[in-house]
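The values are calculated or read from the model by the stated rules, or taken from the named source; none is laboratory data. Since we're looking at a predicted model, the values are computed, not measured. Cβ: placed from backbone, ideal geometry, glycine included. Neighbour counts: every protein chain shown. Only protein heavy atoms, including side chains, enter the accessible area calculation; ligands, DNA and RNA are left aside. Shrake-Rupley method; radii C 1.70, N 1.55, O 1.52, S 1.80 Å.
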Amino acid sequence: MIPADTVNLILETARVEDIVGDYLTLKRRGASYVACCPFHNEKTPSFYVTPSKGIFKCFGCGKAGSAVGFVMEVEHCSYYEALKLIAKRYNIEVREKEESAEDIAARQRTESLMIVSEFACRFFMDQLKSGEGRDIGYNYFKSRALEDETIEKFSLGWAPSGKRELVDAALKAGYKLEYLIEAGLAVQREDGSVVDKFRERVMFPIHSVSGRVVAFSGRTLHSDNPAKYVNSPETPIYTKSKNLLGIYFAKAGMARQNDCILVEGNVDMVMMHQLGITNVVASCGTSLTVEQIRLIRRHSPENVTIMYDGDSAGIHAALRGIGLILREGMNVKVVLLPEGEDPDSFARSHSRDQVLEFIGANSEDFISFKARLLSDEAGKDPLKRANLINDIADTIADIPDPVKRTVYVEDCANRFNIDSRLLFTRISRTRKEMQEEQRKERIREARWQENGLPLPPETPVSARVEEYAADSFPIENRILAPAEKELLGFILTHGRDALEFESDSDFYGESVPTVFEFIRGTLDEDGASFANTVYRRAYDAYMQLYDSGMDQDAIIRTMLDSSDRTLADVTAQLSTSRYQLTVKNFEKALTTTSSWLAAFVPRTLMRYGERRLQDRIDKIRASLPSMDTESQMEAMKELVKLQSIKTEIKKQYGKNL
């Protein structure tokens, strides 16, 4: 481990413009430098380096951070490896030492979550071998034609029907209850009791790229259960949007084939592997995400084959995935199975060679796929036909490689018997519009930053990027998350700014608080703390640095350079991102920073209070069925009171909380 004083020396010495300049050609623009972003394809520079703040920010793809974060991203290395590279660049001697007790404790906590997840995996596997597990779970797997070798390979199992069977077994084996809860294996109820998260379900472990068990997906066998699958919540070791079911077993096949076959269902993936087609992965109970595509790209850099069900849902899922994959510079083909078939059933009724032959014969590029789907609907209607061609042209515009765009344009022109120049004109206009939007954003950013104001609402292009990044952090409470994120955004951008109201005495007498002091005081008075761990960690880190006397820029740099990379990522996102307001609110925003903050910080706090009330109301309602009559009466009284308070807040602050 690198000693703390050496780490501090590296961080103090490193200049972000030097580090980035070693990889990119930077051009000065005012007080900043610009370049084409190394993390996504672009011709017009949207990558900014700001030496005064020690940060970089791409307004095209959203990447942001400090010098350390840049090296981690571009070199694909760990935090300490990045520090070593920077130290070498500045000829700083690094003498590593043994980990401290705190370092060991933090690392061991993550390892403990892994270990308890692997214990749960063994527990579920053991349950499959006897009793109800064998009678129900094992027989289900056999009914789906899964062989014992496959069941063993993928560590499939059974979660028993008892409420605490896993919890009791883990406690008896010496595992701590806190790790069971934090790993998403157990749930603590409001009354303090703890029960198993998964009950009476066949279990599919989710492995990391390195093969460690990080989460689970449990399938019910009851047809009347609306929750067909229950998946692990996001935890410190598992983020749904960044994981793919089967990636550990598929990565070698993906590399050999230079192709990844993407399916939807858990059993679909397992059955394809059993058949001998080993470059197959499935999404973890989510729609396809950019992070998942990038995970595929690391092992299969060029091609993705989408193999979804042939029904309406499968078709729409395939259409959604095409644009995402193309924008990442990968080739995409689509295979739709015959109606009524899914990869599982098709694999069970065909041999490996037959399935591969079907894939080879029925793989369509996105032009053929869209044309076939939409041509019947368009028929001979000239307007619908024009809309179809324009839709395909706009999809081609997503492709970053100009040579590939040209090939697809020629294909589309020949297919629809139109002049390719018309398509090039449409695509050129579409791409220019995207670039123009990005250019306008940069101008607006620069203008607003000069005035020290929060940034205006997202344009469609940048909003599309933010859509993919929105859930990049584990969120435990989605009701409170937007308000917590907004409050943290105020703190990280204007925490030390004075919050001046028309009459300061209305709030703090003669003392004028800063934005952070006002927010902290309000939360402390209400006895509130952030419900979402990732935002709470950032809040606590800021508070500690604020109380130490650091100025705002120093606080942000320290958080960006933290070895806690989730904390650094949250800081980068919220301290440099375009501050999100609704259009309606933005139009009402005043022209100075102080008046703008005075208008919106209190409103956000009220919105947070209203969301906390709603969260409490939802929890009470959910627990009513399990209460006795007397408790239900008390709960109903509380509900009426909470609803009355919520209504009063709405009346006072309007509907746009």
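Structure summary
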item	result
Peptides ranked, highest mean first, by Cβ atoms within 10 Å: ranges 78-84, 634-640, 259-265	259-265, 78-84, 634-640
Accessible area (Å², 1.4 Å probe, nearest 10) - residue 391	60
Contour minus Cα-Cα distance for residue 365 and residue 406 (0.36 nm per residue)	13.3 nm
Sequence-distant residues sharing a close amide H with residue 308 (under 5 Å, placed H)	335, 337
Hz values of 3J(HN,Hα) by residue in the stretch 31-36 - Karplus curve (6.51, -1.76, 1.60), Gly and Pro given as x	8, 10, 10, 10, 6, 6
Long-range HN-HN contacts of residue 514 with modeled amide H, under 5 Å	499
Cut-off under 5 Å, modelled amide H: who pairs with residue 206 long-range	214, 215, 216, 217
Where labels lie 7 Å past Cα in the beta-carbon direction, separation of residue 637 and residue 621 in nm	2.2
Listed residue pairs exceeding 19 Å between alpha carbons, taken from 333/404; 43/432; 142/251; 57/242	142/251; 57/242
Separation of alpha-carbon centers, the stretch 1-65 and the stretch 144-197, rounded to whole Å	45
Fully extended contour minus Cα-Cα distance, from residue 22 to residue 524, at 0.36 nm per residue	176.1 nm
Inter-label distance for residue 96 and residue 548, nm, one decimal - labels placed 7 Å from Cα along Cα-to-Cβ	2.5
